[in-house]
Structures are given as C-alpha cells and as structure tokens.
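A short worksheet on the structure shown next.
The values are calculated or read from the model by the stated rules, or taken from the named source; none is laboratory data. What you are looking at is a predicted structure, and each value in this text was computed from that prediction instead of being measured. Ideal geometry is used to build each Cβ from the backbone, glycine not excepted, and the neighbour counts take in all protein chains shown. The area values use the complete protein model at the heavy-atom level, side chains included, leaving out ligands, DNA and RNA. Shrake-Rupley method; radii C 1.70, N 1.55, O 1.52, S 1.80 Å.
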Amino acid sequence: VEESERNRILRTRLAQLHRRSPLDWASDNVDMLLSGTASSESKLRAAAYGADLTTAGISEAVRMMSESSLLRTLKRVHSPIFTIYGTDDTTTPPSSCLPQLLAVQPAMRTHLIEKCGHLPPLEKPLELKRLIAGFIKETSR
C-alpha cells in the first residue's frame, strides 16, 4: 500500500476510534474479529477485553501496525517461523496474506484453524496452545 493511502487509512481508523469509547469500539469489532461460528463465550470474552483498553493504547497499536512493514521485517528473520491463521479471518484474510508472507519466507510453517476468525487465542485457545507447543518442541530439538 502506498504511504499516502496508508496515512489516509490511519487517519480514518483513528477518527473512528476517537468517536467511540474503547469498550464500544471493542464491542463494535467483535463480530469482525471473530468467526461467525464463534461461541457466545468467545464473543463475551472478546468484548470484555474492551474494558481493559484505552483510547491511547488502541491509537498507539493502530499507529504501530500502520508504520511497520511485516514483509520487510520477515526478510531479516533467520529463525523458524510459524504463522497461524483462522480460516474465517476477514481482518487479515489468509488467502491474501499468506502468499505474500510465503513469498519472503518460503520455509515458514503455516496452519489454518478451521472456523476461527482473527483472534485464535479467544476462539480456539486449546488448539492454539497445542499448535504452538508442538512447534516449539519440533524446533527445539
């Protein structure tokens, strides 16, 4: 994305954020971040995290993500990489993101969690834990 477009998107996201409370912002985004099949427990957990958010914290996170280049950073990584995506992630869809990531790190291991959105730690915590533990065990030998 061109820098001018990235700046426009950043301004739009920050303006939207500052019109809402952090809790409202988190609640508004739960449906976008989780899969349509997420349990009501996962949705409640995700919305509850909004109570711990601050406008300044969210703003800083949005700025940081918009200013960094994951692809440029990945080119410099020489350790094993494991990328886990939810198949229902509409925030960073695996179909558009994974080809770009694999282009710069072809040896990167990937896994798709079925019926999961953008937040595997909230939707599929046990599966995520199992996957990460397995990756650590395999790469620690």
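All but one of (1) in contact (Cβ under 8 Å) with a residue 24 or more places away in the chain; (2) assigned to a loop (DSSP other than H, G, I, E, B) hold for Arg20, so report the exception by its number. Only one criterion is unmet by Arg20, namely (1).
Every condition in (1) open to solvent by less than 60 Å² (accessible area, probe 1.4 Å); (2) under 30 Å from Ser140 (Cα atoms); (3) not aromatic (Phe, Trp, Tyr) is met by Lys115 except one, and the failing one is (1). The condition of being in contact with a Leu (Cβ under 9 Å, 6 or more places away or on another chain), at pLDDT below 80 and surrounded by 16 or more Cβ atoms within 10 Å (Cβ to Cβ) holds for only one of Ala51, Ala26, that being Ala26.
Meeting the requirement of 3 or more residues that are of a type in the set (Lys, Arg), the helices (runs of 4 or more DSSP H) wholly within the range 27-141 are 125-139.
For Leu10, the criteria (1) modelled with pLDDT under 80; (2) open to solvent by 60 Å² or more (accessible area, probe 1.4 Å) hold in every case but one, which is (2). Which residue out of Thr139, Thr73, Thr91 is surrounded by fewer than 14 Cβ atoms within 10 Å (Cβ to Cβ) and within 24 Å of Leu44 (Cβ to Cβ)? Exactly one residue qualifies, and that residue is Thr91.
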